[in-house]
Amino acid sequence: MDRFIIRGGRPLHGEITIGGAKNAGLKLLVAGLLTSERLVLTNVPHIADIATMCALLTQHGLTVEAVNGDKTTLSVGGEITSTEAPYDIVSKMRASILVLGPLLARCREARVSLPGGCAIGTRPVDMHLKGLETLGAVITLENGYIHARAPEGLKGDRIVLPFASVGATENLMMAATLAKGRTEIVNAAREPEMADLASCLNAMGAKITGAGTGHIIIDGVEALHGTTHRIMSDRIECGTYACAAAITGGDLRLIGGQVEHLGAVVRAFEEAGVEVTQEGNAMRVRRTGALRGIDIMTEPYPGFPTDMQAQFMALLSVAEGASMITETIFENRFMHVPELNRMGARINVHGSSAIIRGVHSLSGAPVMATDLRASFSLILAGLAAHGETILSRVYHLDRGYEAVERKLAACGAQIERVSN
Ligand code: EPZ
């Protein structure tokens, strides 16, 4: 298993190119199930979760291939030969559940393994299933698998989500594109990835309005056709490297970063004493003065994203004064706390809130990654710490971030990947 060795204390300066968004790209690949024609995606990030999704689609019968050998451009297409999503793939990546709606819409049946929980929470899929039942699916759970059938096809209806679930919104939006009649999703997720998915689906012939708002309307069509779509920039990767500039007292230009997609995060940066500006197609982040402690609560978009919580906790661990972070989205997303405390942070968890008392400096230590975003929070701490940090289980990081050590080293970080 690979490890990172980081020697901290050097401010980062320079440019980092932000890649395509993991949490848009995974679903855009799944959209390839909705048509027998070719869907071409550009700006595809080279990360493990994308490879896992390509493997899942391939076992459904689709052909997924790099165009002209360039892996940032993938073409997806072909006929579905299996409507089963097996446990060994689904258990590795929760986003696999998103094939359920498209398979049901196209093949009128699907057998998808229940994803099970993951490190950050139990992560049920009840809203996905209830929404599909509203569209006429008959769903039973047998031997750890979801059996869904819609022999007459799906029929549009009004779905009210009890929570603005990202995955449920995407699963239902995709299913509804081929349902008979109109579907409304009320209390839909408003993350920018919803609008990115809808714009691709509309280019494929779907009729979707309201994506990006809490009320999405989908008028079903007979069939969808192929298109070419550029995956939006990864706003969480952008916010993560912005934290690297902030925690090291550096100055970075994040190419492809868009301030508009990180509203609440930009406000939190500014409150903490970090300057963030949009300079053309780059987001510029620099810190000149001291970091100030602030309070954060994670919320569905446009609130502060839970996917930035661990990174901000590392940042605030070296701020002046105290901070409080309340995690309202997932029930177990503080696993980076004990590892940060081993580096000298002073963080106490009380239920869904963490109190952070800023310290003057952190000290390098051997630490262990537990999940994707926690992995990066430990890298951020290592970049600021005195001495050497060794981060193990880097496979968590490789699921969602591309070429981290290369991007950081190019801006002055002392970081190397060692394989053992
Ligand atoms: C997506 O997960 C993202 N993953 C997550 O990013 C992100 O943290 C999350 O949205 C929230 O923004 C991908 O896009 C692949 P949810 P998802 O459905 O769709 C509960 C990362 O680090 N819930 O909005 O699973 C659920 O348990 C990952 O990139 C139900 O109870 O998130 C959670 O507490 C981590 N029933 C909350 O809602 C359901 O049917 C938010 O879940 C569905 C969700």
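Couple of notes before you dig in:
- Residue that is farthest from the ligand (Cβ to nearest atom) [pool: residues in the stretch 84-104 that are closer than 27 Å to T306 by Cβ and open to solvent by 10 Å² or more (accessible area, probe 1.4 Å)]: Y87
- So I329, is it under 24 Å from the mean Cα position of the chain (by Cα), touching a residue at least 12 places away in the same chain (Cβ under 8 Å) and not in a loop (DSSP other than H, G, I, E, B): no
- Residue pairs meeting the criteria (Cβ under 7 Å; at least 6 apart or on separate chains; first at positive phi and in a loop (DSSP other than H, G, I, E, B), in the stretch 190-211; second away from the ligand (no atom under 16 Å from the Cβ) and not aliphatic (A, V, I, L, M)): G205/H225
- Hits in the stretch 26-44 (condition: open to solvent by less than 10 Å² (accessible area, probe 1.4 Å) and within 12 Å of the ligand (Cβ to nearest atom)): L26, L28, L29, V30
- Of all the numbered requirements in (1) surrounded by fewer than 21 Cβ atoms within 10 Å (Cβ to Cβ); (2) in contact (Cβ under 8 Å) with a residue 40 or more places away in the chain, G400 misses one, and that requirement is (1).
- The stretch 305-326, subset outside any strand (DSSP E or B), touching a helix residue (DSSP H, G or I) at 6+ places or on another chain (Cβ under 6 Å) and more than 13 Å from A374 (Cα to Cα), residue farthest from the ligand (Cβ to nearest atom): V318
- If you filter the stretch 105-144 down to residues that are in contact with an Asp or Glu (Cβ under 8 Å, 6 or more places away or on another chain) and within 11 Å of the ligand (Cβ to nearest atom), you find that the one that is nearest to G32 (Cα to Cα) is C118.
- Residues that are within 20 Å of E402 (Cα to Cα), of a type in the set (A, V, I, L, M) and not in a helix (DSSP H, G or I) were ranked within the stretch 237-284; the one that is most open to solvent (accessible area, probe 1.4 Å) is I255.
- The lone exception for L178 - which of (1) within 15 Å of the ligand (Cβ to nearest atom); (2) farther than 27 Å from E237 by Cβ; (3) modelled with pLDDT of 95 or more it fails: (1)
- Out of A369, A354, one residue alone is open to solvent by less than 10 Å² (accessible area, probe 1.4 Å) and either outside the structural domain of S392 (by the TED database) or within 16 Å of the ligand (Cβ to nearest atom) (or both). It is A369.
- Test: residue in the stretch 373-381 that is touching a Lys or Arg at 6+ places or on another chain (Cβ under 6 Å) and on the phi < 0 side of the Ramachandran plot: no
- Residue match in the stretch 286-295 (condition: open to solvent by 30 Å² or more (accessible area, probe 1.4 Å), closer than 30 Å to S165 by Cα and within 16 Å of the ligand (Cβ to nearest atom)): no
- The helices (runs of 4 or more DSSP H) found entirely in the stretch 9-110 that carry 1 or more residues being modelled with pLDDT under 95 are 87-90.
- Within the stretch 345-372, residues that are over 21 Å from R333 (Cα atoms) reach partners that are open to solvent by 50 Å² or more (accessible area, probe 1.4 Å) with beta carbons closer than 6 Å, at six or more positions or on different chains, in the pairs V359/R346; S361/H386; S363/H386; G364/E388; A365/R342.
- G61 open to solvent by less than 30 Å² (accessible area, probe 1.4 Å) and either under 15 Å from the mean Cα position of the chain (by Cα) or more than 22 Å from A206 (Cα to Cα) (or both): yes
- Hey, T140 in the same structural domain as A179 (by the TED database), open to solvent by 40 Å² or more (accessible area, probe 1.4 Å) and within 30 Å of Y395 (Cβ to Cβ) or not: no
- Exactly one residue out of R190, R230 is farther than 28 Å from Y87 by Cβ, within 14 Å of the ligand (Cβ to nearest atom), open to solvent by 20 Å² or more (accessible area, probe 1.4 Å) and touching a strand residue (DSSP E or B) at 6+ places or on another chain (Cβ under 8 Å): that is R190.
- The stretch 403-420, subset open to solvent by 40 Å² or more (accessible area, probe 1.4 Å) and in contact with a Gly (Cβ under 9 Å, 6 or more places away or on another chain), residue farthest from F4 (Cα to Cα): A410
The values are calculated or read from the model by the stated rules, or taken from the named source; none is laboratory data. All values reported here derive from a predicted model rather than from experimental measurement. Ideal geometry is used to build each Cβ from the backbone, glycine not excepted, and the neighbour counts take in all protein chains shown. Please note that ligands, DNA and RNA were not included when accessible areas were found on the heavy atoms of the full protein model with its side chains. Shrake-Rupley method; radii C 1.70, N 1.55, O 1.52, S 1.80 Å.
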